[in-house]
Amino acid sequence: MADRDDTKAPLLPLRERIQTSRFPLRSLLTGKYLFIILGPLACMLIFFFVDLDGRNSSRNMLAVLSWVFLWWLTEAVPMAVTSMSPLFLFPLFGISTADAVAKAYMDDVIALVLGSFILALAIEHYNIHRRLALNITSLFCGDPLNPPLLLLGLCGTTAFVSMWIHNTAAAVMMIPVATGIIQRFPDEDSLSSDVKKYFKAVILGVIYSASIGGMSTLTGTGVNLILVGMWGSYFPDEEPISFSSWFLFGFPLALLLFFILWGILCLFYCSKNTAKALSAYLDRNHLKRELELLGPMAFAEKMVLAVFGSLIVLWMTRSLTNDLPGWGALFHDNVGDGTVSVMMATLLFIIPNKKNEGEKLMDWNKCKKLQWNIILLLGAGFAIADGVRTSGLADVLSASLGFLKAAPYLAIAPLVCLVSSSITEFTSNNSTTTLVVPLLIELAESMGVHPLLLMVPGAIGSQFAFLLPTGTPSNAMGFTTGHIEIKDMIKTGITLKIAAIATLTLLMPTLGPYVFGTNKKL
């Protein structure tokens, strides 16, 4: 009888079932559910109550933008999921067809990123980044210990790695190297103030060098790729910005900023007593012992480096000058930087690693950590840029930047850079670029100046997120180490930001016309 009573008993107590049925209603008004609702709500409010002088397409695009950017800002859903939302929002709101928006998610720029990420995974898998860091750091350590020189080595290594892979990935690789040096010391409570200040310099140097190094090349950061993609999309008949042409401008800029950063860190965080305080715990022999533990380079490491080096050479020589065309001319300029990137990444799945029979340098299991969120974010950026242009929203929004029309020619770059670098402290670099650059294109056309005169400072300025931990993922990773505080970032970052804007202001009217032809009108 007891068994029969048990079978008739409810699976859950009545009281608990009532609570469970009410839980979803309450949860909709709290936490992330509120942020999830916020995006569609803002979209609907704009759709039904905002009038842009009868421009329905522009209004629809603004509504979709509010949805996407609110989800990006609040992280109501994962970034990658938000990045896919234009695939259904654009067709539903009549902004573009399903095929048109989908094409924005796979072009030569996306292929460039995809191949670069695979190569970065190979470098990480074979611990090449750690070997490189230890070699360069031991080279710059000095004997006796020279703290500014050691800082130069750490920052230089980070900047170099960030030139060829995404700056976030570079920070992920180098922050453990930096904290590894710090971990050689005893508990912080027993350390002198000079040592603690040097710890701050090490962490700040790594995170800012990752951002600065990424400015040098197209692969260093998504911002550069978004800029190049928008240039090709808005001006398909103009000369595209190639890897080598961007390098001619980006590398001198990054080099100047790098030494400015190093000078700021040495000025703020290195004193006469720093070397003496550090030498008891850190010297070149420590670094050499770690390097010896890694052993000699294996065949697989050498081959990955060979593929990496070949990729850089092919990128740099694909398109040179009008008088001296690169190897791309052999293929009637049908190849792009993405072509080379994917081709060299494919070799990693063909060349054996000589460790185990039949095993290649890379297999798809090793690619499980591929940063699809960044790839989808870039695709969303390109789709939004196309939507802002085709819907006419760029014409409407560019009026808000009309004050730049009255600015003198030489003041355009610093003003644009200041606007962009201020916005980027509160939104992601890619989001800032995606929003600002289309507006700058429309503004440039109304002012009668070369679009790149505004586009380049706008895009590069969005990478000057030096003040807050939320500015970039690299900043956040450095902040979570516990060795720096927000006041350290503000003190160092505001000095670096002012210097960076001044440097870009100097290069735009001098190097800009030579590289981008900004002294001409389209």
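Data table
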quantity: Inter-residue pairs, beta-carbon under 8 Å, first of a type in the set (Gly, Ala, Ser) and in segment 164-188, second modelled with pLDDT under 70 and surrounded by fewer than 18 Cβ atoms within 10 Å (Cβ to Cβ), 6+ apart; calculated: none
quantity: Subset of segment 324-367 (residues that are free of Cβ contacts under 8 Å to residues at least 24 places away in the same chain, closer than 21 Å to ILE312 by Cβ and either assigned to a loop (DSSP other than H, G, I, E, B) or among the aliphatic types (A, V, I, L, M) (or both)); calculated: LEU324, PRO325, ALA329, LEU330, ASP333, VAL335, PHE349, ILE350
quantity: Residue match in segment 152-171 (condition: farther than 23 Å from ASP386 by Cβ, at pLDDT below 85, assigned to a helix (DSSP H, G or I) and open to solvent by less than 10 Å² (accessible area, probe 1.4 Å)); calculated: yes
quantity: Helices (runs of 4 or more DSSP H) contained in segment 404-516 and holding at least 3 residues modelled with pLDDT of 85 or more and within 16 Å of GLY214 (Cβ to Cβ); calculated: 452-461, 486-510
quantity: Residue count for segment 66-112, restricted to those that are under 19 Å from GLY392 (Cβ atoms), open to solvent by 30 Å² or more (accessible area, probe 1.4 Å) and in contact with a Phe, Trp or Tyr (Cβ under 6 Å, 6 or more places away or on another chain); calculated: 1
quantity: SER319 being free of Cβ contacts under 8 Å to residues at least 40 places away in the same chain, hydroxyl-bearing (Ser, Thr, Tyr), closer than 26 Å to GLY220 by Cβ and open to solvent by 30 Å² or more (accessible area, probe 1.4 Å); calculated: no
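Yes/no matrix, rows are residues, columns are (1) part of a loop (DSSP other than H, G, I, E, B); (2) modelled with pLDDT under 85:
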| position | (1), (2) |
| --- | --- |
| ILE181 | no, yes |
| ARG184 | yes, yes |
| ASP194 | no, yes |
| VAL202 | no, no |
| VAL206 | no, no |
| ASN224 | no, no |
| GLY229 | no, no |
| PHE249 | no, no |
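The values are calculated or read from the model by the stated rules, or taken from the named source; none is laboratory data. Computed from a predicted model, the values in this text were never measured in an experiment. Positions of Cβ are generated from backbone atoms using ideal geometry, with glycine treated the same way; all protein chains shown enter the neighbour counts. Please note that ligands, DNA and RNA were not included when accessible areas were found on the heavy atoms of the full protein model with its side chains. Shrake-Rupley method; radii C 1.70, N 1.55, O 1.52, S 1.80 Å.
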